[in-house]
Amino acid sequence: MLPVPRHLDSRFESAETDDDVLVEVLYQEFGASLLRHVRKATGNDLQWAEDVVQETIVRAWRNAGKLHREPGLLWAWLLTVARRIVIDGRRRRGARPQEVEPADADAVSVPDASEQALEAMIVADALRDLSEEHREVIEHTYLRDRTISEAAEILGIPPGTVKSRLYYGIRALRGILKERGVAS
């Protein structure tokens, strides 16, 4: 509890008629002590503590007609209100993500699929240079995600032939891409 000197009683009594005088007296007499107390409650966040003290005094001003003018009771009321404001602030901060500065628009990376699209176009063009037999087995196995057996059944050829054509087709495709400077 904050010790309140006896000389304050007369100042609080004169503040009974004027609410603005009350606010001034509260700031002068309790502001520094309240700020020290609130800084501890806010984790030593000076800006937040100053906001809490200001809001506490504003609430005292709004409720000036209801306040007991005895310094000890005023101090207890101010501490209670300040504590509740801090609790409300903690709840708000917990319920909402902490705000951050927006990133510079030039620094934000945007996913770009242009390289993948270019590679797909080059591979599609290289596939056209393969023989029809090799292109068919590559399309059925790699592009349509079919098994060797499924591709063999659709194409009407034995599975061993699909494997052979796939092996030589992929080898030819790598050679074409290497010529074009795409594969190593």
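Quick notes on this structure:
- Exactly one residue out of Ala151, Ala120 is small (Gly, Ala, Ser) and surrounded by 14 or more Cβ atoms within 10 Å (Cβ to Cβ): that is Ala151.
- Looking across region 132-143 at every residue that is over 10 Å from Arg165 (Cα atoms) and touching a helix residue (DSSP H, G or I) at 6+ places or on another chain (Cβ under 8 Å), the one that is surrounded by the fewest Cβ atoms within 10 Å (Cβ to Cβ) is identified as Glu139.
- Filtering region 130-184 to residues that are more than 45 Å from the chain's Cα centre (by Cα), over 18 Å from Ala120 (Cβ atoms) and in a loop (DSSP other than H, G, I, E, B) leaves Ser131, Gly156, Ile157, Pro158.
- Candidates Arg93, Arg84, Arg128, filtered to the one that is basic (Lys, Arg) and modelled with pLDDT under 85: Arg93
The values are calculated or read from the model by the stated rules, or taken from the named source; none is laboratory data. Predicted, not measured: the structure shown is a model, and the values here were computed from it. No Cβ is skipped: glycine too gets one built from the backbone with ideal geometry, and neighbour counts run over all protein chains shown.
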